[in-house]
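The values are calculated or read from the model by the stated rules, or taken from the named source; none is laboratory data. No experiment lies behind these values; they were computed from the predicted model shown. Positions of Cβ are backbone-derived with ideal geometry, glycine not excepted, and every protein chain shown enters the neighbour counts.
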Amino acid sequence: MMLRTYKYRLYPTHAQGRQLDFLLWQGRNVYNAALEQRIAVYEETGQGVSYPQQWTHFRDERRANPATLGQLNATSMQQLLRRLDKAFKSFFRRLKAGETPGFPRFKDRYRFNSLEYRYGDRCKLRFDDRDRALFYVQNVGEVKVKYHRPVPDDTVINHVILKRSNRKWYVCLQVERPDPVVHDHPGPAVGIDMGLHSLLALSDGATVDNPRWLRASLAQLRVAQRRLSRRKKGSHRRRKAAAQVARLHERIANQRRDFWHKLTCDLVDTFGLIALEDLKLKFMTA
């Protein structure tokens, strides 16, 4: 079995968008409060706090505050606490390995942008009588979905991530599906290596140039970032300038993603066997 993720754009109404923002805010509050609790308990007792202990505490808080924490899905709250627990385990593991990891830090509203759900636990994809896709989220309702590609019938949806990016909402469906059947391809074999002066170097002598999307947009980005730095913190004009910078970065990321999708599709259609060198890129780019 293999895991794949299908990402779709959501189009919430104004009221639904406000509720989604509220849920994200509550999720961030839970994460930061759990981190604060771990720090406080350690400073007071010298002992750590486990995930089960934190879940018991925040479960009771959720029941006692139905208008705030109670709006957050129970599974989402569990995933937030697991996310923090994983961050601490990773921190201590790297510390023991002799590295210098950063301590888990509090999340501001710009660094916290997703909530996780278990599919079927008060969140589900369905189609109306006009075959339009809708995604139901607990305490939000049914949200319109840009269902641009169908989820295959032989898959099982296990995990859901609601994500906000540049004032847009997306739903990511993590599915489990059988391994694909490998068919014989009449095309030739090719080896691909990272190029020193080009993006990729193929064993047949061909090279793929790096389009350098960031460099192409650098002039616009500089102007936008200078405009942002001149704006007063907390002002409406600063938020507008920050949104423009975010849109430029989003466009660059989309250009890169589109380029790689088209390139890999072309390689798969052309060659019957593709071999990649196992490189440690971290050491090559250091």
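General observations
- Residue in the stretch 62-84 that is surrounded by fewer than 18 Cβ atoms within 10 Å (Cβ to Cβ), in contact (Cβ under 8 Å) with a residue 40 or more places away in the chain and assigned to a loop (DSSP other than H, G, I, E, B) present: yes
- Filtered residues of the stretch 17-37 (kept if crowded, with 19+ Cβ neighbours inside 10 Å and small (Gly, Ala, Ser)): GLY27, ALA34
- Total residues in the stretch 1-52 satisfying the condition of being farther than 24 Å from CYS172 by Cα and hydroxyl-bearing (Ser, Thr, Tyr): the figure is 4.
- When the stretch 122-139 is filtered for residues that are out of contact with any strand residue (DSSP E or B) (no Cβ under 9 Å at 6 or more places or on another chain) and surrounded by 13 or more Cβ atoms within 10 Å (Cβ to Cβ), only ASN139 remains.
- Close contacts from the stretch 267-286, counting a first residue that is under 23 Å from HIS197 (Cβ atoms) and a second that is small (Gly, Ala, Ser) and modelled with pLDDT of 65 or more, with Cβ to Cβ under 6 Å and a gap of 6+ residues or different chains, come to THR270/GLY187; PHE271/GLY187; ALA275/GLY191.
- Among the residues of the stretch 87-112, those that are closer than 26 Å to ASN166 by Cβ, surrounded by 12 or more Cβ atoms within 10 Å (Cβ to Cβ) and not aromatic (Phe, Trp, Tyr) comprise ALA87, PRO104, LYS107.
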